[in-house]
Amino acid sequence: MSNLGWHSLGTSFDCKCGHSHSLPIKEVYQGADAAQRLADFAKEQCGKTCLLVSDENTHAAGGEDVDRALTDIGKEVRHQLYGSAIFEATESLGDDVVVSSAVCDFIVAVGAGTICDLAKYAGDKLDIPVLLYGTAASMNGYTSAITALKVRGLKRTLPCKPATAVFCNPEHAATAPTRMTAAGVADFLSKCSSSTDWRAAHLLQGVYFCDRPREFFEGTQDLILESAPKVPSGDPVAIGNVMEALLLSGCSMVIAGSSSPASGGEHLLSHYLDMKSSLYDLPNDFHGTQVGVGTVHCLGLWEKILALEPGEIDIDTLSDRQIDDAKVQKYIDDDWGPVAQEVQVQWDAKKMSPEELRRFLEKFRDMLPLLKRELPVDLLPASVVAKAIQDSGGPVTPEGLTMPAEEYENALKRARYIRNRFTVLDLAADLGL
Ligand SMILES: [Zn+2]
Ligand SMILES: [Zn+2]
């Protein structure tokens with residue numbers, strides 16, 4: 001049985017974890033002739049007419065090549081062209097793409113997160129092939145089975161079918177702003193804390209876990225640490241390495257059947273900021289930029305947790321110190337006003353009664369030696385990850401984000417309430433850290 005990797009595209013298998021895993025993406029290709037490869041794929045696998053979704057920037061950075069390659073092989077290309085200003089993926093924009101592509105046989109998206117999310121959303125609704133041409137190594141969504149859209153004022157992560165095929169030209173990705181690629185470095189490295197959160201949730205709470213998704217990361221991490229300092233100079237080889245790591249990271253989530261391998265406490269911190277930004281019109285940053293700051297924080301928490309000794313866990317004191325329900329409810333009401341009820345549902349599903357918390361802390365104390373042995377497999381020191389993100393041109397402290405720093409401070413305390421997924425933010429709060 002070989003490790004999962006690019007040869008796993010288009011395959012499915014029954015796993016010893018009891019689940020059946022599949023990776024329905026048919027092709028992932030990165031190279032200078034990516035536009036031609038996309039057209040070759042479309043010639044073999046897709047119908048006559050496509051909707052090409054892009055914006056003015058991404059059309060210049062690859063869109064024209066893709067358009068020409070598709071036209072040359074006789075495809076009829078229609079266009080959904082957005083302007084050059086940064087915009088958010090919303091459900092209504094997604095529905096526009098659904099309408100525009102309803103008469104098409106397939107969708108081609110040329111862009112990064114926003115454009116690709118709109119295309120994946122529409123392709124999923126219409127059940128037609130979606131080919132992505134990634135123009136920035138900024139996040140791991142090209143190969144993922146989720147789409148992030150603002151729905152009724154709130155950013156949501158919706159499940160969708162993954163793209164049919166993904167193509168990238170590192171020369172084009174190298175023209176994206178450095179901060180975007182640095183966001184990609186951070187989004188990839190966030191798996192150090194998110195994978196640890198997932199494994200801990202399994203060991204401490206019996207959450208489903210499979211070891212195989214991490215096979216996609218094999219050997220990639222060292223390459224990213226080496227490539228990070230070459231990002232600011234626009235080195236296409238280094239940026240190609242970042243893109244490849246992100247494409248593999250997305251595949252790991254598809255195989256896992258959830259975002260768990262690549263989305264833990266650090267992503268909750270970022271989602272908290274995104275939700276605040278949506279609701280109160282605050283400036284938010286690139287996904288990976290926020291995630292990077294969160295990752296450094298979460299890795300620091302793991303370092304503190306795994307440095308504890310069982311004798312230091314004073315269960316009586318910790319139980320007495322837990323925040324009471326009324327205070328949490330006030331946080332949720334203050335933060336989320338019109339959508340507080342939805343957030344409350346997430347927290348109600350996760351919160352522990354005082355007795356449950358006591359039993360959980362006892363279990364943690366008893367399992368601490370095992371956790372110290374098993375959890376470090378995915379961890380990197382916070383300082384190593386921080387250096388890589390900084391070397392690649394990204395921030396590692398809240399002051400470096402576009403969001404007001406006090407919102408990040410709120411996120412540290414309150415992000416754990418927004419989602420029913422056990423993360424290091426919960427464990428640290430339970431342990432009074
Ligand atoms: Zn499995
Ligand atoms: Zn991410």
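The values are calculated or read from the model by the stated rules, or taken from the named source; none is laboratory data. Owing to the predicted nature of the structure, the values given are computational and were not obtained by experimental measurement. In this analysis, Cβ positions are derived from the backbone assuming ideal geometry, glycine residues included, and neighbour counts consider all displayed protein chains. Ligands, DNA and RNA are stripped out before the accessible areas are found, and what is left, the full protein with its side chains, is counted by its heavy atoms. Shrake-Rupley method; radii C 1.70, N 1.55, O 1.52, S 1.80 Å.
Couple of notes before you dig in:
- Checked against (1) under 25 Å from Gly219 (Cβ atoms); (2) open to solvent by 40 Å² or more (accessible area, probe 1.4 Å), Leu306 passes all but condition (2).
- Residue, farthest from Val254 (Cα to Cα), within region 144-162, restricted to residues that are out of contact with any helix residue (DSSP H, G or I) (no Cβ under 6 Å at 6 or more places or on another chain) and surrounded by 17 or more Cβ atoms within 10 Å (Cβ to Cβ): Arg156
- Answer from Ala201, Ala228 - the residue that is modelled with pLDDT of 95 or more and over 24 Å from Ser20 (Cβ atoms): Ala228
- Going through (1) over 30 Å from Pro24 (Cα atoms); (2) open to solvent by 20 Å² or more (accessible area, probe 1.4 Å) one by one, Asp335 falls short only on (2).
- Breaking point among (1) open to solvent by 40 Å² or more (accessible area, probe 1.4 Å); (2) closer than 25 Å to Asp426 by Cβ, for Asn140: (1)
- The combined condition, being modelled with pLDDT of 95 or more, in the same structural domain as Asn169 (by TED's automatic domain parsing) and within 20 Å of Leu246 (Cβ to Cβ), is fulfilled by Leu38.
- Comparison of Pro398, Pro369 shows that the only residue that is touching a residue at least 12 places away in the same chain (Cβ under 8 Å), surrounded by fewer than 14 Cβ atoms within 10 Å (Cβ to Cβ) and out of contact with any Leu (no Cβ under 7 Å at 6 or more places or on another chain) is Pro369.
- When restricted to residues that are closer than 30 Å to Gly219 by Cβ and outside any helix (DSSP H, G or I), region 398-430 contains 3.
- Residue selection: Ile224 satisfies the criterion of being within 16 Å of ligand 2 (Cβ to nearest atom), open to solvent by less than 10 Å² (accessible area, probe 1.4 Å) and touching a residue at least 40 places away in the same chain (Cβ under 8 Å).
- Test: Leu368 is in contact with a helix residue (DSSP H, G or I) (Cβ under 6 Å, 6 or more places away or on another chain) and assigned to a helix (DSSP H, G or I): yes
- Hits in region 380-397 - residues which are touching a Gly at 6+ places or on another chain (Cβ under 7 Å), over 17 Å from Ser195 (Cβ atoms) and of a type in the set (Gly, Ala, Ser): Gly394
- Filter pass, Asp314 being open to solvent by less than 80 Å² (accessible area, probe 1.4 Å), of a type in the set (Asp, Glu) and in contact (Cβ under 8 Å) with a residue 60 or more places away in the chain: no
- For region 373-393, the condition holds for no residue, the condition being that it is open to solvent by 20 Å² or more (accessible area, probe 1.4 Å), in the same structural domain as Asp325 (by TED's automatic domain parsing), of a type outside the set (Lys, Arg) and modelled with pLDDT under 95.
- Remark: Ala386 matches the filter, which requires a residue to be among the aliphatic types (A, V, I, L, M), under 29 Å from the mean Cα position of the chain (by Cα) and over 16 Å from Ala307 (Cα atoms).
- For region 257-282, the candidate set comprises residues that are in a helix (DSSP H, G or I) and without any contact (Cβ under 8 Å) to a residue 40 or more places away in the chain; within that set, the residue that is farthest from ligand 2 (Cβ to nearest atom) is Tyr280.
- Residues being more than 28 Å from Ala173 (Cα to Cα), open to solvent by less than 30 Å² (accessible area, probe 1.4 Å) and either within 16 Å of ligand 2 (Cβ to nearest atom) or more than 22 Å from the chain's Cα centre (by Cα) (or both) - total across region 8-35: 1
Yes/no per residue for (1) away from ligand 1 (no atom under 16 Å from the Cβ); (2) more than 18 Å from the chain's Cα centre (by Cα); (3) surrounded by fewer than 16 Cβ atoms within 10 Å (Cβ to Cβ); (4) not assigned by TED's automatic domain parsing to the domain that holds Leu371:
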| site | (1), (2), (3), (4) |
| --- | --- |
| Thr181 | yes, no, no, yes |
| Gly184 | yes, no, no, yes |
| Ser194 | yes, no, no, no |
| Asp197 | yes, no, no, no |
| Ala200 | yes, yes, no, no |
| Cys210 | no, yes, no, yes |
| Pro213 | no, no, no, yes |
| Phe216 | no, no, no, yes |
| Thr220 | yes, no, no, yes |
